[in-house]
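Below is one structure; the comments refer to it alone.
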Amino acid sequence: MQRRRIFVRGIVQGVGFRPFLYGLAAKNGLTGFVANRSDGVSVEVQGAPPALESFVHSLRTEAPPLAMIDEIRVEDIAPFAESEFRIVESVSEANVSTPISPDIATCKDCLREFFDPNDRRYRYPFINCTNCGPRFTIIRDIPYDRPNTTMAAFPMCAACEEEYHSPTNRRFHAQPNACRICGPKVWFEKSGETVWEEPAFAGAREALAHGQIVAIKGIGGFVLAVDAQNEAAVARLRVRKGRRDKPFALMARDAEGIAQYAIVGDEDSQLLRSRQRPIVLLRRREASRLAASVAPGNPMIGFMLPYAPLHYLLLDDGPLVMTSGNLSEEPIVYRNEDALARLGDIADAFLFHDREIHVPVDDSVVTHELPIRRSRGYSPMPVKLPVERPMTLAVGAELKACFCLTHGQYAYMSQHIGDMENLETLDAFERALQHMKSLFRCEPERVICDAHPGYLSTRWARGYAHERELPLIEVQHHHAHAMSVMAEHGLPEDATMLAFTFDGTGYGTDGAIWGGEVLLARYDGFQRVAHLKYVPLPGGDTAIRHPARVALAHLFAAGLEWSDDLPCVRACNTVELRVLRQQLSSGARSIPTSSMGRLFDAVAGLLGLRANVSYEGQAAIELEALAAGTTESTYPVTLGTDEFDVTPMWVEMVADFRAGAEARVIAARFHRTMAEVILHYSRRMRQEFAVQTIALTGGVFQNVYLLTLANDLLAKEGFRVLTQRMVPPNDGGIALGQAVILK
Ligand code: ZN
Ligand code: ZN
Ligand code: FE
């Protein structure tokens, strides 16, 4: 007879770990106990040595689906008289940090019951179990037990209580456990009338069928739903929400339904069905019945499958637009009392429920290559850090803000907060921060922000650090992008890598706008070994909205004439042209930039794809879509020691255009040219600095066409290529990179 004490760290709470161990102990005829602790799960087992071995082995290999084990420690202790295996009460300790599970889509077992007329939870919109349901959005504090969640308001009925306390039941300690008798309820409000439960869904379906906009409270907040095949309805939603072109996401009942509207590959299908249930960006089919206003001019379309039981009660055959319940640029609405006030002018009707959302979390967006927005289903799953840092708060940049808190080896990235450009978003940021600090027992010892003096996040970080007398570290934007790749791939403290950080805007150490950077990067600093040659950008950041003007700036820099046969010239009136020319000749109100994002905009502007855009990256997305097909041919670029000059490319590209070359061929050649630039500097820096590892990051690398081209060229020559897999390459992933800076 021997006794072992086992400590398991990782996501082991609220995921059915204790019943799993209970079953395992029974199977192996062991006695002992298991207890949740603030930093993991503690187990003691006693029995014959082979049975103990088998227990530890199964613990490693058969853990429940939502568990994420980081560490298992086993020690021998003295056995004592004991007759059973018990699950003991949770122990809460201060100052220890344990990860908690994200919100997980309804599992197969629950769906089977949900559609079974004989089950007591038949069509119950809040069905869940140990393997599925809301988590992060309902947790007020740890340990993760019912009294610490918003489910505390719903005392369980006898039947639910029985399931909850029975170790062999699949709802054992499922904290959101509920049924129609004891759990949350749904109601529907329209024109001052209210109906409950099944009639509520009938009301919502009818309103949607009539082209009305319905605000629906889901898992992480309200979404605005409308029939995706009804053009008038979708167009009305655009007007009311104040969102001109940015694509709306869609939800369909099953993957087969989605395949009618978009091309769904095997990897896409897996992602769509994954328990995170993100919005997956797919290439849309040409002739589909989707309303044109769903994603105007966009070749891609974002689809997701139902992730909450109530979605199944709303979807008929056709897909629904499901977009965040907010006014453009504002954070998502998540409280019943705010919904009527803030969404009342947008929605015709409301589907409410009374399970409180403690933390708002937007839907996540991914492609099968990259995360684009990391939120529901992923946050607050930590990134395990390869290096040790003091407890850190990193506040991110400005657009697509996420912050990062570290505690020991864990980096907790927040859910998507939004563009930090207004006070509403700053409020949401502060609330989310407060919550995550207490949830993960993290009291920052240092604060890190972007070096851009004008960012709201930078100014906020300065104030926060000053008030608490904490050290404040300002990190150059592209260095942070590079470190984000370094951290998520677990590179060691002394690693050096070559990072191509291509994005729209980042504040450079010389005050210029950077964005086409080749950095030799380490945790403790970087060397800018090459960059796109500066081009003066008239109007600075406002140029983001006008690809035609950016094209004119590039033409001007290349010494090319603004002649009327070019679409970017025709897109501007005489006054605009005069002002631009004057700004460019005098240098007044122009900021030098090496932005790769703007170069993509400029090429799109030259080709006449788009003179103006209503959201960041719009022109570049269309340029990428146009570049379908491959080409071996490139445009000439002057590859200098420390900068690359695209003047010769512009000369030839304009000549191509004038000679009537197809836009898609020009677009493909342009992409290929940029990939070759990456290959050139990779080779050179390998010679000079012996670096083998290449990182490709920054918002421009959301361009999968470019990413794949560059990746293939580099891999063929034996480079180790790192791209983002856990956090986005855009500014939504930058806080992770900030957090690991060594200073
Ligand atoms: Zn379930
Ligand atoms: Zn019940
Ligand atoms: Fe960036």
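Go through (1) at pLDDT below 90; (2) away from ligand 1 (no atom under 16 Å from the Cβ) one by one and return the number of the condition ALA67 breaks.
That leaves (2) as the condition not met.
Out of all the residues in the stretch 153-182, which are assigned to a loop (DSSP other than H, G, I, E, B) and away from ligand 1 (no atom under 13 Å from the Cβ)? Can you show your working first?
Within the stretch 153-182, the first condition is being assigned to a loop (DSSP other than H, G, I, E, B), and the residues that meet it are 154-157, 166-182.
Scanning the stretch 153-182 gives PHE154, PRO155, MET156, CYS157, SER166, PRO167, THR168, HIS173, CYS179, ARG180, ILE181, CYS182.
Among the candidates ARG669, ARG664, ARG658, single out the residue that is open to solvent by 40 Å² or more (accessible area, probe 1.4 Å) and under 34 Å from the mean Cα position of the chain (by Cα). Show your work before the answer.
Working: ARG669 fails: open to solvent by 40 Å² or more (accessible area, probe 1.4 Å); ARG658 fails: under 34 Å from the mean Cα position of the chain (by Cα).
Going through ARG669, ARG664, ARG658 in turn, just one is open to solvent by 40 Å² or more (accessible area, probe 1.4 Å) and under 34 Å from the mean Cα position of the chain (by Cα): ARG664.
Filter the stretch 550-579 for residues that are open to solvent by 10 Å² or more (accessible area, probe 1.4 Å), touching a strand residue (DSSP E or B) at 6+ places or on another chain (Cβ under 9 Å) and under 21 Å from VAL646 (Cβ atoms) and give the result. Quick ask: steps written out before the conclusion?
Taking the stretch 550-579 and keeping what is open to solvent by 10 Å² or more (accessible area, probe 1.4 Å), we get 554, 556-565, 567, 570-579.
Then keep just the ones that are touching a strand residue (DSSP E or B) at 6+ places or on another chain (Cβ under 9 Å); that gives 554, 556-558, 579.
Passing the criteria: HIS554, PHE556, ALA557, ALA558.
Considering only residues that are out of contact with any Ser or Thr (no Cβ under 9 Å at 6 or more places or on another chain) and assigned to a strand (DSSP E or B), which ones fall in the stretch 384-437?
LYS384
Just to be sure before I move on: is GLY408 in contact (Cβ under 8 Å) with a residue 12 or more places away in the chain and buried (at least 22 other Cβ atoms within 10 Å of the Cβ) in the structure I sent?
On the way: in contact (Cβ under 8 Å) with a residue 12 or more places away in the chain: yes; buried (at least 22 other Cβ atoms within 10 Å of the Cβ): no.
The answer is no for GLY408.
Here is a list: PRO492, PRO538, PRO547, PRO444. Which entry is open to solvent by less than 30 Å² (accessible area, probe 1.4 Å), away from ligand 1 (no atom under 16 Å from the Cβ) and within 19 Å of VAL383 (Cβ to Cβ)? Write out each step before concluding.
Details: PRO492 fails: open to solvent by less than 30 Å² (accessible area, probe 1.4 Å); PRO538 fails: within 19 Å of VAL383 (Cβ to Cβ); PRO547 fails: within 19 Å of VAL383 (Cβ to Cβ).
Matching residue, one of PRO492, PRO538, PRO547, PRO444: PRO444.
Please enumerate the residues belonging to the stretch 710-727 that are of a type outside the set (D, E, K, R) and either within 10 Å of ligand 3 (Cβ to nearest atom) or without any contact (Cβ under 8 Å) to a residue 40 or more places away in the chain (or both). Spell out the reasoning first.
Filtering the stretch 710-727 for residues of a type outside the set (D, E, K, R) gives 710-711, 713-715, 718-719, 721-724, 726-727.
Answer for the stretch 710-727, where residues must be of a type outside the set (D, E, K, R) and either within 10 Å of ligand 3 (Cβ to nearest atom) or without any contact (Cβ under 8 Å) to a residue 40 or more places away in the chain (or both): ASN711, LEU713, LEU714, ALA715, GLY718, PHE719, VAL721.
Please work out which residue is farthest from PHE440 (Cα to Cα), limiting yourself to the stretch 28-57 and to residues that are in contact (Cβ under 8 Å) with a residue 24 or more places away in the chain and assigned to a helix (DSSP H, G or I).
Across the stretch 28-57, the extreme among qualifying residues is PRO49.
Is the stretch 351-373 home to any residue that is surrounded by fewer than 24 Cβ atoms within 10 Å (Cβ to Cβ), small (Gly, Ala, Ser) and either in contact with an Asp or Glu (Cβ under 9 Å, 6 or more places away or on another chain) or not in a strand (DSSP E or B) (or both)?
Looking for residues that are surrounded by fewer than 24 Cβ atoms within 10 Å (Cβ to Cβ), small (Gly, Ala, Ser) and either in contact with an Asp or Glu (Cβ under 9 Å, 6 or more places away or on another chain) or not in a strand (DSSP E or B) (or both), one finds none in the stretch 351-373, hence no.
Looking only at the stretch 113-121, decide whether some residue is open to solvent by less than 10 Å² (accessible area, probe 1.4 Å), out of contact with any Phe, Trp or Tyr (no Cβ under 8 Å at 6 or more places or on another chain), closer than 18 Å to GLY218 by Cβ and more than 16 Å from ligand 3 (Cβ to nearest atom).
Going residue by residue through the stretch 113-121, those that are open to solvent by less than 10 Å² (accessible area, probe 1.4 Å) are 114, 121.
Keeping just the survivors that are out of contact with any Phe, Trp or Tyr (no Cβ under 8 Å at 6 or more places or on another chain) gives none.
The answer is no, given that none of the residues of the stretch 113-121 is open to solvent by less than 10 Å² (accessible area, probe 1.4 Å), out of contact with any Phe, Trp or Tyr (no Cβ under 8 Å at 6 or more places or on another chain), closer than 18 Å to GLY218 by Cβ and more than 16 Å from ligand 3 (Cβ to nearest atom).
Please count how many residues of the stretch 146-161 are more than 17 Å from GLY133 (Cα to Cα) and without any contact (Cβ under 8 Å) to a residue 24 or more places away in the chain.
2
For the list (1) touching a residue at least 12 places away in the same chain (Cβ under 8 Å); (2) open to solvent by 30 Å² or more (accessible area, probe 1.4 Å), I need the number of the one condition that GLY511 fails.
(1)
Take the residues in the stretch 188-210 that are open to solvent by less than 40 Å² (accessible area, probe 1.4 Å) and either in a strand (DSSP E or B) or among the aliphatic types (A, V, I, L, M) (or both), then tell me which one is nearest to ALA339 (Cα to Cα). If you could, list the steps in order and put the result at the bottom.
Just the residues of the stretch 188-210 that are open to solvent by less than 40 Å² (accessible area, probe 1.4 Å), to begin with: 188, 200-201, 203-204, 207-208.
Adding the requirement that they be either in a strand (DSSP E or B) or among the aliphatic types (A, V, I, L, M) (or both) leaves 188, 200, 204, 207-208.
Numbers: PHE188: 13, ALA200: 17, ALA204: 16, ALA207: 18, LEU208: 18 Å.
By that ranking, first place goes to PHE188.
Just to be sure before I move on: is MET381 within 30 Å of SER484 (Cα to Cα), assigned by TED's automatic domain parsing to the domain that holds ASP427 and modelled with pLDDT under 95 in the structure I sent? Step through it out loud before you land on a result.
Details: within 30 Å of SER484 (Cα to Cα): yes; assigned by TED's automatic domain parsing to the domain that holds ASP427: yes; modelled with pLDDT under 95: yes.
Yes: the conditions hold for MET381.
Scan the stretch 344-358 for residues that are under 18 Å from VAL186 (Cα atoms) and either acidic (Asp, Glu) or in contact with a strand residue (DSSP E or B) (Cβ under 6 Å, 6 or more places away or on another chain) (or both) and jot them down.
We begin by selecting, within the stretch 344-358, every residue under 18 Å from VAL186 (Cα atoms); these are 347-358.
ALA347, ASP348, ALA349, PHE350, LEU351, PHE352, HIS353, ASP354, GLU356, listed by residue number.
Between ARG277, ARG243, ARG236, ARG289, which is modelled with pLDDT of 95 or more and part of a loop (DSSP other than H, G, I, E, B)?
Details: ARG243 fails: modelled with pLDDT of 95 or more; ARG236 fails: part of a loop (DSSP other than H, G, I, E, B); ARG289 fails: modelled with pLDDT of 95 or more.
One residue alone meets the criteria, ARG277.
Of the residues in the stretch 389-405, how many are open to solvent by 20 Å² or more (accessible area, probe 1.4 Å) and modelled with pLDDT of 95 or more? Talk me through it step by step, then tell me what you get.
Let us first name the residues in the stretch 389-405 that are open to solvent by 20 Å² or more (accessible area, probe 1.4 Å), namely 389-391, 398-400.
Next, from what is left, pick out any that are modelled with pLDDT of 95 or more: 389-391.
Final tally of qualifying residues: 3.
Looking at SER594, SER614 in this structure, which one is surrounded by fewer than 16 Cβ atoms within 10 Å (Cβ to Cβ) and touching a Lys or Arg at 6+ places or on another chain (Cβ under 8 Å)? Break it down stepwise before answering.
Numbers: SER594 fails: surrounded by fewer than 16 Cβ atoms within 10 Å (Cβ to Cβ).
Unique residue meeting the criteria: SER614.
Looking for something aromatic (Phe, Trp, Tyr), within 15 Å of ligand 1 (Cβ to nearest atom), in contact (Cβ under 8 Å) with a residue 24 or more places away in the chain and open to solvent by less than 10 Å² (accessible area, probe 1.4 Å) - is there at least one such residue anywhere in the stretch 122-130?
yes
Filter the stretch 133-145 for residues that are open to solvent by 10 Å² or more (accessible area, probe 1.4 Å) and touching a helix residue (DSSP H, G or I) at 6+ places or on another chain (Cβ under 6 Å); which is farthest from ASN36 (Cα to Cα)?
ARG140
Among the residues of the stretch 136-146, are any within 14 Å of ligand 1 (Cβ to nearest atom) and in contact with an Asp or Glu (Cβ under 8 Å, 6 or more places away or on another chain)? Before you say what the answer is, go through the steps one by one.
Pass one, the stretch 136-146, residues within 14 Å of ligand 1 (Cβ to nearest atom): none.
No; the residues of the stretch 136-146 include none that is within 14 Å of ligand 1 (Cβ to nearest atom) and in contact with an Asp or Glu (Cβ under 8 Å, 6 or more places away or on another chain).
The values are calculated or read from the model by the stated rules, or taken from the named source; none is laboratory data. Since the structure is predicted, the reported quantities are computational estimates derived from the model, not experimental observations. Every residue, glycine among them, receives a Cβ derived from its backbone with ideal geometry; neighbour counts consider all protein chains shown. These accessible areas exclude ligands, DNA and RNA; they are computed on the full protein's heavy atoms, side chains included. Shrake-Rupley method; radii C 1.70, N 1.55, O 1.52, S 1.80 Å.
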